[in-house]
1. Quick one: how many Å² of residue B:27 are accessible to a 1.4 Å probe, rounded to 10?
2. If you build the convex hull over the alpha carbons only and average its shadow over all orientations, what do you get for the range B:7-184? Give it in nm² to one decimal.
3. For the range A:101-177, which GluC sites (Glu not before Pro) are both in a DSSP coil and crowded by at most 13 other Cβ atoms within 10 Å?
4. Give a quick list of GluC sites (Glu not before Pro) in the range B:1-89 that DSSP marks as loop, anything other than H, G, I, E or B, with at most 15 other Cβ atoms within 10 Å.
5. Pull out a ≥ b ≥ c, the square roots of the eigenvalues of the alpha-carbon gyration tensor of the protein assembly as shown, then state rounded if a/c is under 1.5, prolate if not and a/b is larger than b/c, and oblate in the remaining case.
6. Which whole number gives the average count of other chain Cβ atoms within 10 Å of the Cβ atoms across peptide A:159-169?
7. Taking the range B:87-157, which trypsin sites (Lys or Arg not before Pro) meet the DSSP loop condition and have no more than 15 other C-beta atoms within 10 Å?
8. Just how far, in whole angstrom, is the range B:144-187 from the range B:57-76 if you go by their alpha carbon centroids?
There are 2 protein chains.
Amino acid sequence: MLPSKSAEFENLGSTVEAEVVINGTTIFERKTYSLKQYHFHTPAEHLIDAQFYPMGVHFVNIASDGSIFVLAALFELSLTGTNANLLAPLSAPLHAITKQGSSTTTGPLSFSNITNFFNIVSLFKYIGSLTTPPCTDGVTFLVADTFLPISPKAFSEFKSVLKFNARYVQNAPGEENLIEVAAGQLPK
Amino acid sequence: MLPSKSAEFENLGSTVEAEVVINGTTIFERKTYSLKQYHFHTPAEHLIDAQFYPMGVHFVNIASDGSIFVLAALFELSLTGTNANLLAPLSAPLHAITKQGSSTTTGPLSFSNITNFFNIVSLFKYIGSLTTPPCTDGVTFLVADTFLPISPKAFSEFKSVLKFNARYVQNAPGEENLIEVAAGQLPK
């Protein structure tokens with residue numbers, strides 16, 4: 001991922017998304033992907049060791065053949081009030097997009113910290129689906145095993161704009177889909 | 001609700017529950033209910049204005065005819081590190097029940113603060129179901145519109161023991177059940 005000058009920052013109703021103007025690229029499994037956008041979920045959409053986390057970020061990367069991989073990280077509340085560098089440039093613009101459908105432009109963004117983060121951490125990998133419609137299958141998820149810090153104040157600000165926007169957690173990869181399990185138990 | 005001397009405090013796997021030794025009673029809609037137990041969910045199982053909250057507490061009250069009402073409150077993170085009085089006597093015993101199936105006994109509990117809290121706040125009321133099996137229907141829920149404070153530190157402690165133990169949020173009362181909606185859309 002390369003640095004980007006600025007981004008269109010939108011409240012889509014389903015999430016708050018930064019549409020990246022100058023794409024950075026990532027080589028993953030010998031294919032080149034462009035960073036398309038990144039967005040947030042409150043709470044995060046992955047559990048780790050059965051615990052939930054207050055917020056998550058998804059970096060959506062697309063290759064020229066349409067392949068998608070999502071680089072994900074989970075936030076944990078910091079006891080010292082610190083925030084991941086990723087959040088600082090979004091704090092002010094967040095207040096400009098409290099309404100669904102609204103958008104603004106961020107100031108200069110730098111991805112150097114988050115790039116370093118993903119280069120250092122270990123990643124959980126599985127093949128899943130996009131967590132918002134059309135929930136496209138065959139998407140590779142890479143989830144960091146290390147948390148990014150968010151202060152209770154920043155968490156409260158993000159949550160008040162994003163609302164609850166997490167898909168409920170699916171079964172573990174390879175297990176039967178929860179909806180299908182439940183559907184099979186409904187009275188005919 | 002009257003004060004109680006102490007309680008059996010158990011990790012049931014599904015939640016952490018205080019089994020109340022000396023029941024207090026509450027008169028609700030001209031019927032007398034006894035406080036049976038109270039337990040916690042991380043995150044809370046109710047959304048308010050579409051936002052989720054990091055933890056919730058359910059006081060389960062049962063009448064002699066088997067009627068159940070649940071008095072619920074949601075916790076919001078405090079920016080000042082304060083905790084609702086309810087949590088202090090549970091903090092030490094919590095560390096004794098980190099394993100599923102373990103239990104301990106709490107020190108003296110007082111319900112005077114939480115009783116005052118429920119007497120002052122406004123309550124959302126609806127008829128729902130228990131949120132853990134057997135998910136009994138016909139349960140009255142009364143949910144406080146005001147939040148109890150929890151510090152990030154206490155939240156982290158509770159979450160590490162309770163894990164993710166919330167049923168996913170159902171549709172609004174009167175709407176079709178989410179599982180039934182989803183099941184109807186599955187390919188035959």
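1. 130 Å²
2. Taking a quarter of the hull surface, the average projection is 10.9 nm².
3. In loop regions of the range A:101-177 (DSSP not H, G, I, E or B), the sparsely surrounded GluC sites (Glu not before Pro) are A:175, A:176.
4. B:29
5. On the way: a/c = 2.05, a/b = 1.67, b/c = 1.22.
Verdict is prolate for the protein assembly as shown.
6. That average works out to 4.
7. B:99
8. 16 Å
The values are calculated or read from the model by the stated rules, or taken from the named source; none is laboratory data. All of these numbers come straight from a predicted model, not from anything done at the bench. As a convention, Cβ positions derive from the backbone with ideal geometry for all residues, glycine included, and neighbour counts pool all protein chains shown. Remember, those area values only see protein heavy atoms, side chains included, never the ligands or the DNA or RNA. Shrake-Rupley method; radii C 1.70, N 1.55, O 1.52, S 1.80 Å.
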